[in-house]
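Reviewing the structure listed below.
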Amino acid sequence: MKILLPVDGSAYTKHMLAWLATHEEWLISPHTYTVLTVVPMIPTHAASMFSAEQLRSYYDDTAEAIFKPIRKFTAKHDLATAYVGKTGHAAEVIAKMADKGKFDLIIMGSHGHGALMNLVAGSVATQVLARSKAPILLVR
């Protein structure tokens with residue numbers, strides 16, 4: 001199974017990884033994983049103060065800081081894993097990548113807000129659910 005793991009380095013990412021670690025059926029070799037992090041773009045007016053190289057370095061360094069503990073997790077469990085760092089709106093990028101990459105499943109952590117909070121503030125998980133055709137397993 002081809003599985004997409006969107007991560008942001010938060011406690012919800014850690015909770016999702018802990019859930020994976022306790023469910024051995026997800027850690028077997030037929031599964032391949034792509035770990036995706038989406039770094040928000042720096043607003044245009046602020047980005048204009050930096051060179052393209054400085055911006056790319058910022059985005060790459062931010063993604064790598066998020067990937068570092070996850071690399072340890074995937075190495076420990078010997079998981080076939082690719083790492084992808086992108087910039088943009090998280091829910092949009094996750095949904096597009098899931099659909100274009102023909103992933104069989106998205107596994108992601110969620111804050112677990114109630115319906116009212118999601119209605120008022122929204123959440124990345126809720127937006128991915130609305131935008132992607134891929135099945136989603138939410139870990140709360």
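Throughout, read-outs are computed from the coordinates displayed, never taken from laboratory work. Just so it is clear, the model here is predicted, and its values are computed rather than measured. All Cβ positions, even for glycine, are placed from backbone atoms using ideal geometry, and neighbour counts span all protein chains on display.
Numbers at a glance
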item: Derived scalar couplings ³J(HN,Hα) [segment 4-14; Karplus, 6.51 cos²θ - 1.76 cosθ + 1.60; whole Hz; x for Gly, Pro]; result: 9, 10, x, 9, 10, x, 7, 4, 6, 5, 4
item: Charge-dipole axis of the chain as Lys and Arg at +1 and Asp and Glu at -1 on Cβ define it, positive-most pick from Tyr33, Ala91, Pro135; result: Pro135
item: GNM flexibility winner over the chain from Ser110, Ser51, Ser29 (Cα, springs under 10 Å); result: Ser51
item: Net charge over other residues, Cβ less than 14 angstrom from the Cβ of Val7 (K, R count +1; D, E count -1); result: +3
item: Cross-link table Lys14/Lys68; Lys2/Lys96; Lys14/Lys102; Lys76/Lys100, entries beyond 23 Å C-alpha to C-alpha; result: Lys14/Lys102; Lys76/Lys100
item: Residue with peak Gaussian network fluctuation, the chain [Cα springs, cutoff 10 Å], from His31, His45, His89; result: His45
item: Assigned charges on the beta-carbon of Lys, Arg, Asp, Glu; the chain dipole about Cα centre (debye); result: 140
item: For the chain, the fraction of alpha-carbon pairs in successive 5 Å shells from zero, as %; result: 2, 10, 19, 22, 20, 14, 9, 4, 1, 0
item: Gain on full stretching of the segment that runs from Glu53 to Ala80 - 0.36 nm per residue minus C-alpha separation; result: 6.7 nm
item: Degrees, to the nearest 10: 52-76 long Cα axis against longest axis of the chain; result: 20
item: Residue-averaged 222 nm ellipticity for the chain, from DSSP H runs of 4+ at -39500 (n - 2.57), nearest 500; result: -14500 deg cm²/dmol
item: For the chain: relative contact order, % (alpha-carbon pairs under 8 angstrom, 6 or more apart); result: 35
item: Gaussian network model of the chain, Cα within-10 Å springs - most flexible of Thr37, Thr22, Thr62; result: Thr22
item: Theoretical gain in end-to-end length, Ala130 to Ser29 [0.36 nm per residue, Cα-Cα removed]; result: 33.4 nm
item: Amide proton proximity set for Leu137, modelled H, under 5 Å, gap of 5+; result: Ile106, Ile107, Met108
item: Between segment 78-93 and segment 1-35, the alpha-carbon center distance in angstrom; result: 12
